[in-house]
Structures are given as C-alpha cells and as structure tokens.
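See below for the structure under consideration.
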Amino acid sequence: MLNHLYTRYSLATRSSRRGWQLLGFTVAALTGFLSWAPVARAQDSTIRAIQNIFDPLSAPAETLYQISILVMAVCAGIFLVVGGLLTYAIIRYRRRGPEDDHEEPPQVYGSAAIELAWTVPPILIVVMLVLVTARTIGEIQHPKMPDAAEEIRVIGHRYWWEVRYPKHDVVTANEIHVPLSSRTNHVPTQMILESADVIHGFWVPQLNGKTMLVPNYRNTMWIEPYATGIYLGNCTVLCGQQHANMLIRVVVDTPEVYQKWLDSQKQGPVSDPQVSEGQQQFISNSCGTCHHVENARGATGVFGPDLTHFSSRATLGSGVAPNDSEHLRSWLANPQDLKPGCLMPNMQLNSKQVDSILAYLRTLK
C-alpha cells in the first residue's frame with residue numbers, strides 16, 4: 001500500500017515538474033522572440049571573411065564560380081586521361097629483362113589517327129573554353145541594370161576608400177553599405193571605381209572578381225548579394241607601405257535597414273555645446289584642412305575621409321583597428337603608431353587636446 005502511494009506521489013510530482021518546465025520553456029521562448037524581434041530589424045553583424053571564390057553569395061560571383069568549376073572539371077579530365085595513358089605506358093612497356101637493351105620497339109610514322117587525337121580534342125577544348133569565357137565576361141562586364149539599381153562611386157586613396165552615393169547625396173568612407181538582393185527580386189548595385197593617386201585593386205571574393213582602380217580612368221563592376229552581413233576584401237595591388245591595411249568592408253543590409261541607414265547619413269551631425277571645445281581644437285589644429293564635417297565651419301577638406309558620421313563606422317583607418325575610444329585616442333595622439341606610413345601626420349596634440357577632439361568626434365554619428 002505504501003509502495004502504491006509512493007508511486008502515485010512520484011508520478012504526480014514528475015507531472016507537476018514537467019508542467020513547470022514546459023511553462024519555463026514557453027516563457028523563455030517568448031522572451032527570446034521578443035528580444036530577437038528588434039534585432040532582426042537591425043544591421044546584421046555577421047562577418048563574412050572568406051577570401052576565396054568557392055563560396056559565392058552574389059550573382060556575378062556565382063557566375064565566376066560556375067565557370068571556374070567547368071575549367072577545373074576540364075583540367076581534371078585532361079589530367080586523368082594523360083595520367084592514365086602515362087601509367088598504362090609505364091606498366092605495359094616497362095623493362096622486362098636484359099633482352100630489352102638490344103631490341104628497338106616498333107616505330108610508327110605518319111599515323112593520321114594519332115595526329116588527329118592530339119590536335120583535334122585540344123583545339124575543341126580551347127574553343128569551348130574561349131566561348132564560355134567570352135560569354136561570362138560579357139555577362140559580368142555589360143549587364144543590363146534596371147532603373148532601381150543602386151549606384152555607388154568608390155575612389156581609392158592611399159590608404160583608404162572614399163564612398164559616394166550620387167543618387168542620395170551621401171558621402172562616407174571605408175564602409176560600403178549596399179541593399180540585399182535575391183534570386184527572384186533582383187536589386188543589383190553598380191560600382192564606379194576610380195583612383196585619386198596610384199593603381200589600386202578592389203576585390204571582395206564572395207561578391208565579384210578583381211577590378212582595378214586606375215588614375216584618370218573609370219572602371220565599373222556590379223554586385224548582387226544574396227545574404228546580409230559584413231563582407232571583407234582587400235586592395236589587391238601593391239600601392240604603398242600600408243597596402244595590406246587598405247581593407248574593404250561591404251555591409252549588406254535588408255532594404256528597410258539600408259533605407260534607414262541612408263536617411264541617417266543624409267542628416268547632419270547634432271550640434272552639442274558640451275563638445276564645443278573639441279570642435280574648436282579640431283579646427284584650430286588644421287584637422288578640417290583634410291577632413292570634411294557637414295555644418296562645421298572650417299572643416300571642408302577633401303584629402304582625408306569625410307567625418308560627418310564618423311562614429312557610426314565600426315573601424316578606424318580603413319579597417320586597421322576597431323573604432324573605440326582606446327584606439328581612437330592612440331590614432332589622434334599619433335596615427336603612425338597604428339598605421340605606419342599613412343598620410344595623416346602626427347599633429348603633436350597633448351592629452352587634453354586629444355580628449356577634447358575625441359569627445360567631439362564621438363558626437364559625429
């Protein structure tokens with residue numbers, strides 16, 4: 001009897017415990033959903049740092065991937081045929097004894113079959129690859145852009161990227177925001193590539209192939225990304241001492257987040273009286289000679305990155321360091337510590353001036 005009562009008590013306890021666990025899981029799931037909901041509308045911070053063409057996430061990159069697979073398959077087939085024939089010849093006609101040293105194998109002259117075998121297939125293979133490559137180049141170099149396509153002008157400097165959005169009158173630097181596309185709803189982005197000084201190379205492997213930025217010449221490329229996130233790339237041409245730290249960050253946003261970002265970039269920075277000392281130090285120390293800040297008198301420079309929305313960017317010096325207070329303080333004190341050879345000089349600022357300018361730059365969002 002006692003065993004029976006104990007068993008019923010245990011079952012009831014377990015049932016009650018499972019009920020509380022189910023309630024807890026439900027509350028946790030609801031809380032997670034509510035906390036996820038606003039995040040889903042924010043920028044995707046996923047870093048896509050794959051530096052190869054075998055994981056394409058954009059229409060032109062997929063085209064390059066497909067032709068690369070075709071070329072690799074053809075080369076693999078040639079390798080197997082040649083390697084197989086070589087292996088067969090080595091085994092079939094290997095040295096069998098001393099008598100082989102005194103005998104000459106039969107000689108074949110004027111065999112039309114052999115001549116055709118080693119000339120016709122290679123010609124056909126080359127012609128096929130040339131035609132496929134020409135078609136791929138035509139699709140990538142001369143696409144039909146819809147009227148809704150975004151247009152971005154990227155200008156390479158030593159050692160940073162100037163980014164302009166002509167349709168929206170937006171200017172930024174180093175971080176290139178583009179809208180998300182899909183295989184059913186195509187939203188391509190055309191990029192006009194120019195250089196202000198020397199030859200640079202623009203390459204984000206998951207989005208498209210390499211394209212050169214040549215002084216006094218305008219190249220174009222386009223991307224059509226299928227996944228949100230931050231895509232990393234590099235300048236591919238040795239353009240100077242800090243070539244390796246001339247990094248590229250392409251931020252792919254959903255159309256809603258992208259439009260929200262554009263709207264924020266169109267607005268001028270908020271004037272904060274509490275950082276007026278920092279703004280004065282910024283102007284008096286000639287920072288405005290190279291940098292532009294909208295609505296800031298005396299900050300009309302064009303030689304350095306536009307700083308109107310400086311604090312909205314994630315990195316300093318074209319990706320060389322995070323845009324946090326520690327690295328920004330080091331950058332203001334002496335840019336050569338973080339990026340030796342960069343063209344921003346050491347302005348010999350004291351610690352008070354650095355703190356004042358840092359506080360001012362933090363308001364430029």
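Numbers for the structure displayed
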quantity: Cα gyration tensor shape for region 118-171, rounded if a/c is under 1.5, else prolate or oblate; calculated: oblate
quantity: Accessible surface, per residue, of region 177-221 when the full set of protein chains is kept, probe 1.4 Å, Å²; calculated: 43 Å²
quantity: Helix axis angle, 59-92 relative to the chain longest principal axis, alpha carbon, degrees; calculated: 30 degrees
quantity: Extension gain (nm, one decimal) between Asp100 and Ala73, 0.36 nm per residue minus Cα-Cα; calculated: 5.8 nm
quantity: Kirkwood hydrodynamic radius of region 121-265, Cα pairs, Å; calculated: 16.3 Å
quantity: Computed accessible area, Cys75, all protein chains, 1.4 angstrom probe, square angstrom; calculated: 80 Å²
quantity: Charge tally in the Cβ shell below 12 Å around Asn323, where Lys, Arg are +1 and Asp, Glu are -1, Asn323 excluded; calculated: +2
quantity: Local electrostatic count, Asn174, Cβ distance below 9 Å [Lys/Arg +1, Asp/Glu -1]; calculated: 0
quantity: Whole-Å distance, taken between Cα centres, linking region 179-228 and region 263-340; calculated: 26 Å
quantity: Rounded accessible area of Tyr88 (nearest 10 Å², 1.4 Å probe); calculated: 130 Å²
quantity: For Met347, solvent-accessible area (1.4 Å; no DNA, RNA or ligand), Å²; calculated: 70 Å²
quantity: Under 5 Å, built H, 5+ apart or other chain: amide partners of Leu213; calculated: His200, Gly201, Phe202
quantity: Tensor-based shape of region 226-302 (alpha-carbon gyration tensor, a/c under 1.5 rounded, otherwise prolate or oblate); calculated: oblate
quantity: Label-to-label distance, nm, for residues given as Lys167 and Ala89 (7 Å Cα→Cβ offset); calculated: 5.9 nm
quantity: Candidates per chymotrypsin sites (Phe, Trp or Tyr not before Pro) in region 209-309, loop by DSSP, up to 15 other Cβ within 10 Å; calculated: Tyr217, Phe303
quantity: Tail fraction, Cα-Cα pairs, region 184-244, threshold 13 Å, whole percent; calculated: 65 percent
quantity: Cα-Cα over 23 Å, subset of Lys144/Lys260; Lys167/Lys339; Lys144/Lys167; calculated: Lys144/Lys260; Lys167/Lys339
quantity: Burial ranking of peptide ranges 174-180, 268-274 (average Cβ count within 10 Å, highest at the top); calculated: 174-180, 268-274
quantity: Difference of contour (0.36 nm per residue) and Cα-Cα distance, His142 to Leu343; calculated: 68.7 nm
quantity: Calculated FRET efficiency for the pair Asn219/Gln267, C-beta based, R₀ 30 Å, to 0.05; calculated: 0.40
quantity: Trypsin sites (Lys or Arg not before Pro) within region 229-330: DSSP coil, no more than 13 neighbouring Cβ in 10 Å; calculated: Arg297
quantity: Carbon and sulfur %, accessible surface of the chain computed with the full protein complex present, 1.4 Å; calculated: 61 percent
quantity: Proportion of all alpha-carbon pairs of region 278-365 beyond 24 Å (%); calculated: 6 percent
quantity: Largest-first ellipsoid semi-axes for the chain, taking √(5λ) over the Cα gyration tensor eigenvalues, angstrom; calculated: 52, 40, 22
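The values are calculated or read from the model by the stated rules, or taken from the named source; none is laboratory data. Values in this document were obtained by computation on a predicted structure and should not be read as measured data. Don't worry about glycine lacking a Cβ; one is built from the backbone with ideal geometry, like all the others, and counts go over all protein chains shown. We work out accessible area using only protein heavy atoms, side chains counted, and drop any ligands, DNA or RNA first. Shrake-Rupley method; radii C 1.70, N 1.55, O 1.52, S 1.80 Å.
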